[in-house]
Protein chains: 4
Amino acid sequence: MPTYVAVCGASAAGAEQLRLAEAVGRLLAERGAVVVCGGLGGVTEAASKGATGAGGLVVGLLPGESREGANPYLTVALATGLGQARNVLIVTAADAVIAIGQGWGTLSEIAFARRLGRRVLGLDTWRVEGLETVATPDEAVEKALGT
Amino acid sequence: MPTYVAVCGASAAGAEQLRLAEAVGRLLAERGAVVVCGGLGGVTEAASKGATGAGGLVVGLLPGESREGANPYLTVALATGLGQARNVLIVTAADAVIAIGQGWGTLSEIAFARRLGRRVLGLDTWRVEGLETVATPDEAVEKALGT
Amino acid sequence: MPTYVAVCGASAAGAEQLRLAEAVGRLLAERGAVVVCGGLGGVTEAASKGATGAGGLVVGLLPGESREGANPYLTVALATGLGQARNVLIVTAADAVIAIGQGWGTLSEIAFARRLGRRVLGLDTWRVEGLETVATPDEAVEKALGT
Amino acid sequence: MPTYVAVCGASAAGAEQLRLAEAVGRLLAERGAVVVCGGLGGVTEAASKGATGAGGLVVGLLPGESREGANPYLTVALATGLGQARNVLIVTAADAVIAIGQGWGTLSEIAFARRLGRRVLGLDTWRVEGLETVATPDEAVEKALGT
């Protein structure tokens, strides 16, 4: 049974955050984890690219009622029709969450995941009391996989 | 881009309905479709078994906050935490829906799918005005894939 | 503690269905029930008008992220942002459901309500095996309130 | 048309936070606002008590499929069956949000509300970059009502 890890982050991300996200996706795929994400652009697309480039499986949970706007690196693209409420689905489906970058959507995912008792690793993201931060993609992935 | 087809049906199903469901799953996989389902037992498990047995990809959208109870034939098992509301997700994620057998959950999926404009094929299921019925798994899959 | 009764029906309804819906809303309010509905036009608006005209309390659960399009007879108008998935909310919040008229959305509410074990009374609506039908607004309301 | 204001906060709250919440509820009711909340105990119950004590209208959006556990000060108690995802509903239904106290659920509501563009006022709550904080219930309510 694979571990499911959500990678969360904003569509509007800097070059360094995109580099981190792609590395996280690649490392998760190399370790056999299923990547769950919001399926659109920015951090999510970079993580998807990293994971599928390494032969991994990526699930994108899209906000709309169609797959329009899905990034091209998803193994499975699921239209949810729930709008921003799909953020809750992303972290519910995950055993652990890696959050990259700022953005209110990302903070909502961090908070929901902690509310549900999921482990959350923060990489260049919000500074929030009680959020576990990590310094590198390697550390994020190792901790997410509990190794 | 694959076509996404939901296979809907009750946990409590007869032997013939399970046979139909497994055949539908197999045919969908052979035609390259992604199967979306509720991820538990009965019709859903039979369709999952048929699809993964033929090398296909099966997504199960589970009602609980954990993957507990997922059938063993899913490629991807997603905990939604939405309870019965996850039925809406199953049909929203699909381009077409194949409904097998009775059950109020199945009827809710038929109705939601039609409300969203998805094509629905009924195989030994509810008799409802405006629902397109088919006689065989082959006919269901051909029509679901628009061929 | 009041009883919560959902009144479900299509936006596009005939004059007779609107008359039935308004009577149902009025009778529910006179009996002290809280009316829950989708908050838009047609059957829903007629039921809302009947209920608030009789001094009752009406809750509308709207599909969008704003209260735009709400009918003017709601005591409380709640934007859900869930699209059609809000149909599940309407029946989950209710102790019993009165369905009036055809429409796939209405059928989805009938089926979900039965799936959740809510009592459903059908008034000039879908003919579905296992659905309890009634002949008049009085009968619908009496049965919904379990009297 | 009244303004809808969500009051968010944890079930486990200190005496001072409960006092703040009750004052917020009372002031909102005196100004004619509809209070939206999670419907359970702690901050939510205190706000509900303050609002209904002042003749206001309070809507509680409960996580379960029944009204069990609802606090006794709600005008309308709605079972959603969505679990923690109902937090998204609370802030979607509101024009502005007042957050009191710590708790991951509260942070998820702050973040979702900001993501949706709702104004959020923080009163003795999380310190998060970009969150507007206020010092008193009066200030919270005045700003929430845009006056």
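The values are calculated or read from the model by the stated rules, or taken from the named source; none is laboratory data. Here the structure is a predicted model, which means the values were calculated and not measured. Positions of Cβ are backbone-derived with ideal geometry, glycine not excepted, and every protein chain shown enters the neighbour counts. For the accessible areas, the whole protein counts, side chains as well, though only heavy atoms, and no ligand, DNA or RNA atoms are used. Shrake-Rupley method; radii C 1.70, N 1.55, O 1.52, S 1.80 Å.
Structural remarks
- Rounded accessible area of residue A:104 (nearest 10 Å², 1.4 Å probe): 50 Å²
- The distance between label points at residue B:54 and residue C:30 comes to 5.9 nm (points 7 Å beyond Cα on the Cα→Cβ vector).
- Computed accessible area, residue C:19, all protein chains, 1.4 angstrom probe, square angstrom: 130 Å²
- Environment charge at residue C:117 (Cβ cut-off 15 Å; Lys +1, Arg +1, Asp -1, Glu -1): 0
- Relative contact order (percent, whole number), the stretch A:30-82, Cα cutoff 8 Å, 6+ residue spacing: 36 percent
- Distances, shortest first, from the label point of residue C:55 to those at the same position in the other copies read 1.7, 7.3, 7.4 nm; the point lies 7 Å along Cα to C-beta.
- Under the Karplus curve 6.51 cos²θ - 1.76 cosθ + 1.60, θ = phi - 60°, whole-Hz ³J(HN,Hα) for the stretch A:126-131, x wherever Gly or Pro sits: 3, 9, 10, 4, x, 8
- Only DSSP H runs of four or more residues enter the estimate; each adds -39500 (n - 2.57), and after division by the residues of the protein assembly as shown the mean residue ellipticity at 222 nm equals -11000 deg cm²/dmol.
- With label points set 7 Å from Cα along Cα→Cβ, the inter-copy distances at residue A:136 are 5.3, 6.0, 8.0 nm, sorted shortest first.
- Environment charge at residue C:42 (Cβ cut-off 14 Å; Lys +1, Arg +1, Asp -1, Glu -1): -3
- Nonlocal amide H pairs with residue C:133, under 5 Å, H built at 1.01 Å: C:122
- Accessible area buried at the A-C interface, both sides summed, 1.4 Å probe (Å², nearest 100): 300 Å²
- Rg of the Cα atoms in the stretch A:30-82, relative to 2.2 N^0.38 Å, amounts to 1.04.
- Per residue of A:109-121, other chain Cβ atoms within 10 Å of the residue Cβ number 5 on average.
- Lysines with Cα under 30 Å of residue D:49, excluding same-chain neighbours fewer than 8 positions away: C:49, D:143
- Shortest first, residue C:14 label-point distances to identical copies amount to 3.5, 6.5, 6.6 nm, with the label point at 7 Å from Cα along Cα→Cβ.
- Taken residue by residue and averaged, Cβ atoms of other chains lying within 10 Å of the Cβ of A:126-133 number 3.
- Measuring from each Cβ of chain B to the axis that turns chain B onto chain D, the shortest distance belongs to B:82, 3 (residue, then whole Å).
- Two-site label geometry, residue D:3 and residue B:16: point separation in nm, points 7 Å out along Cα→Cβ: 6.4 nm
- R0 of 30 Å, Cβ-Cβ distance residue D:142-residue A:66: FRET efficiency to nearest 0.05: 0.10
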